[in-house]
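The values are calculated or read from the model by the stated rules, or taken from the named source; none is laboratory data. These numbers come from a predicted model, not from an experiment. Backbone-built Cβ (ideal geometry, glycine too); neighbour counts: all protein chains shown.
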Amino acid sequence: MTHPDIKAENKLHEGKAKVIFSTGDPALLIQYFKDDATAFNGKKKGTIEDKGVFNNEISSHVFGMLESRGVKTHFVRRLSEREMLVKKVEIVPVEVVVRNVVAGSLAKRMGAPTGQKLSEPIIELYYKDDALGDPMINRWHIRAFSLGTDEEMDVIEKQALIINTLLVEFFGGIGLTLVDYKLEFGRSPEGILLADEISPDGCRLWDTNSGEILDKDRFRQDLGNLTQSYQEVSRRVSSTVK
């Protein structure tokens with residue numbers, strides 16, 4: 001599928017890391033990746049040089065891999081260094097966090113040591129609302145506040161586990177441990193589609209051998225070498241493309 005004349009038109013939404021533009025096709029949008037970096041629900045702000053370029057490249061390759069393995073996503077193709085062409089979806093306001101290794105808030109909540117491998121993946125659900133700090137919710141909240149139907153959440157949770165199996169294998173193959181990460185899904189005429197992005201902004205990725213952090217935790221924890229870390233993940237992901 002080619003879209004030779006597709007161009008960004010009106011800005012529809014600007015978030016912390018991306019800008020969404022309309023196109024001449026009502027079914028297609030352009031997702032523009034910024035270099036802005038935020039943490040702690042926007043309390044910490046900064047810039048990571050060329051982060052948008054690396055995240056677009058990483059997300060494009062990962063979405064392409066998932067599509068080739070049967071996962072339905074909003075991804076159409078990468079248009080430029082910072083632009084991704086995507087299918088228009090209505091985002092389900094529930095962020096899905098999948099955890100494979102203890103880190104971050106899970107370590108604090110469960111009193112478990114960071115780095116402990118979980119016996120099975122954990123799925124957590126959060127209400128997608130920056131003003132409220134994206135609070136953790138469950139199926140009861142989702143039904144009571146009409147955020148999604150049980151049928152939709154069944155599909156989303158099933159897809160999240162399938163995606164997790166594929167991503168753990170994919171990142172493991174390039175020497176990265178997928179600790180935990182965030183997924184977003186959207187409603188479309190094709191059904192529920194994986195949306196947003198998959199990048200070091202929303203994934204905890206550790207070098208399997210050294211344990212070195214190669215994700216946005218470097219920004220959160222002031223560890224330095226931010227651009228180099230994103231670049232290294234991009235290099236490894238790109239090396240899988242033949």
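Do we find a residue being among the hydrophobic types (A, V, I, L, M, F, W, C) and surrounded by fewer than 13 Cβ atoms within 10 Å (Cβ to Cβ) anywhere in the stretch 31-45?
Taking the stretch 31-45 and keeping what is among the hydrophobic types (A, V, I, L, M, F, W, C), we get 33, 37, 39-40.
Add one more test, that the residue is surrounded by fewer than 13 Cβ atoms within 10 Å (Cβ to Cβ), and what stays is 40.
Taking every residue of the stretch 31-45 in turn, at least one turns out to be among the hydrophobic types (A, V, I, L, M, F, W, C) and surrounded by fewer than 13 Cβ atoms within 10 Å (Cβ to Cβ).
Name the pairs whose Cβ atoms lie under 9 Å apart, with the first residue in the stretch 61-77 and within 12 Å of Asp196 (Cα to Cα), the second among the β-branched types (Val, Ile, Thr) and surrounded by fewer than 18 Cβ atoms within 10 Å (Cβ to Cβ), and 6 or more positions between them or separate chains?
Once the first residue is within 12 Å of Asp196 (Cα to Cα) and sits in the stretch 61-77, its partners that are among the β-branched types (Val, Ile, Thr) and surrounded by fewer than 18 Cβ atoms within 10 Å (Cβ to Cβ) give Phe63/Val71.
Can you confirm whether Gly46 is touching a residue at least 12 places away in the same chain (Cβ under 8 Å) and not in a helix (DSSP H, G or I)? Before you say what the answer is, go through the steps one by one.
Working: touching a residue at least 12 places away in the same chain (Cβ under 8 Å): yes; not in a helix (DSSP H, G or I): yes.
Considered against the rule, which asks whether it is touching a residue at least 12 places away in the same chain (Cβ under 8 Å) and not in a helix (DSSP H, G or I), Gly46 comes out as yes.
What number of residues in the stretch 36-55 are closer than 18 Å to Arg236 by Cβ and out of contact with any Leu (no Cβ under 7 Å at 6 or more places or on another chain)?
Total meeting the criteria: 5.
The rows are residues; the columns are (1) on the phi > 0 side of the Ramachandran plot; (2) touching an Asp or Glu at 6+ places or on another chain (Cβ under 8 Å); (3) not assigned by TED's automatic domain parsing to the domain that holds Met65.
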{"position": "Arg78", "(1), (2), (3)": "no, yes, no"}
{"position": "Glu83", "(1), (2), (3)": "no, no, no"}
{"position": "Ala107", "(1), (2), (3)": "no, no, yes"}
{"position": "Met110", "(1), (2), (3)": "no, no, yes"}
{"position": "Pro113", "(1), (2), (3)": "no, no, yes"}
{"position": "Asp129", "(1), (2), (3)": "no, no, yes"}
{"position": "Phe145", "(1), (2), (3)": "no, no, yes"}
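Can you name every residue in the stretch 114-126 that is part of a strand (DSSP E or B) and touching a strand residue (DSSP E or B) at 6+ places or on another chain (Cβ under 8 Å)? Reasoning before the result, please.
Within the stretch 114-126, the subset part of a strand (DSSP E or B) is 117-126.
Matches in the stretch 114-126: Lys117, Leu118, Pro121, Ile122, Ile123, Glu124, Leu125, Tyr126.
Conditions (1) buried (at least 20 other Cβ atoms within 10 Å of the Cβ); (2) at pLDDT 95 or above; (3) under 19 Å from Ala17 (Cα atoms); (4) of a type in the set (A, V, I, L, M, F, W, C), marked per residue:
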position	(1), (2), (3), (4)
Glu49	no, no, yes, no
Phe54	yes, yes, yes, yes
Ser59	yes, yes, yes, no
Gly64	no, yes, no, no
Leu85	yes, yes, yes, yes
Lys108	no, yes, no, no
Gly111	no, yes, no, no
Ile123	no, yes, no, yes
